[in-house]
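The values are calculated or read from the model by the stated rules, or taken from the named source; none is laboratory data. Computed from a predicted structure; not experimentally measured. Please note: Cβ atoms are built from the backbone with ideal geometry, for glycine as well, and neighbour counts cover all protein chains shown.
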Amino acid sequence: MIDLDPQGNATMGSGVDKRKLELTVYDVLLESASVREAAVASDKCGFHVLGANRELAGAEVELVGLERREKRLKAALAEVDADYDFILIDCPPSLSLLTLNGLCCAHGVIVPMQCEYFALEGLTDLVNTIKQVHANLNRDLQIIGLLRVMFDPRITLQQQVSDQLKAHFADKVFNTVIPRNVRLAEAPSYGLPGVVFDPAAKGSQAFVEFATEMVERIRAM
């Protein structure tokens, strides 16, 4: 799991303390460390984490003047391609140079989105960006699917936006829906993913269903 967000939420949520990391994805992007050197094992979760912290925020400025600035992560991951079955990249919500590095090395994009109006508006910009990256920088890139998260079927607007998504994107919308769930919300405070913190929770079970659906889609690609 690669955390490309300077907030480091995916790092902390994977049971890794971002404040104690000696090397992060920042060092990998600046080519002062390899992925093997910077990645740490999450004992709680059973996977490797290439973490991030506030230091990564400075990478935006530092990368601007460097060569191959949008393909540095891709070059670093090429060295460990045979080591992993799946590499998941958590990108920041903004369409930044960090996100561009993620898109340039990914085979597919999963878009988690809340069924709200502004999220629907931002989705158009993201889809256009993905099309541009596909055309100019990464011919392997495609949208795997849209994942509806924090969903509350009692809210009429959310149901309407969900229907709009299905009407417009059809089979690109995952069948699985991640509901609003208190146990999922509590999990990060314990430094754990929801599926580890409380596997029996409704939200955790939904994520397991989503993972199964995601793997099936990727195999069919």
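Every condition in (1) free of Cβ contacts under 8 Å to residues at least 24 places away in the same chain; (2) assigned to a strand (DSSP E or B) is met by Asn175 except one, and the failing one is (1).
Residue check: Ser94 meets all listed conditions (1) modelled with pLDDT under 90; (2) of a type in the set (Gly, Ala, Ser); (3) outside the structural domain of Phe151 (by TED's automatic domain parsing); (4) more than 14 Å from the chain's Cα centre (by Cα) but one, namely (4). Residue count for segment 1-39, restricted to those that are within 18 Å of the chain's Cα centre (by Cα) and part of a loop (DSSP other than H, G, I, E, B): 11. Summed over segment 178-221, the residues that are under 20 Å from the mean Cα position of the chain (by Cα), part of a loop (DSSP other than H, G, I, E, B) and aliphatic (A, V, I, L, M) give a count of 2. Only a single criterion out of (1) assigned to a loop (DSSP other than H, G, I, E, B); (2) buried (at least 16 other Cβ atoms within 10 Å of the Cβ) is not satisfied by His48, namely (1). Count of segment 61-96 residues, restricted to those that are part of a helix (DSSP H, G or I) and either under 19 Å from Ala38 (Cβ atoms) or hydroxyl-bearing (Ser, Thr, Tyr) (or both), is 12.
Close Cβ contacts (under 8 Å, 6 or more residues apart or on different chains) running from residues in segment 106-127 that are over 15 Å from Ser94 (Cβ atoms) and in contact (Cβ under 8 Å) with a residue 24 or more places away in the chain to residues that are hydroxyl-bearing (Ser, Thr, Tyr) and buried (at least 16 other Cβ atoms within 10 Å of the Cβ) comprise Cys115/Ser162. The criterion of being in contact (Cβ under 8 Å) with a residue 60 or more places away in the chain, among the small types (Gly, Ala, Ser) and outside the structural domain of Thr212 (by TED's automatic domain parsing) does not hold for Ser34.
Identify all residues within segment 106-118 that are crowded, with 18+ Cβ neighbours inside 10 Å and over 13 Å from the mean Cα position of the chain (by Cα); write none if there are none. The answer is Cys115, and nothing else.
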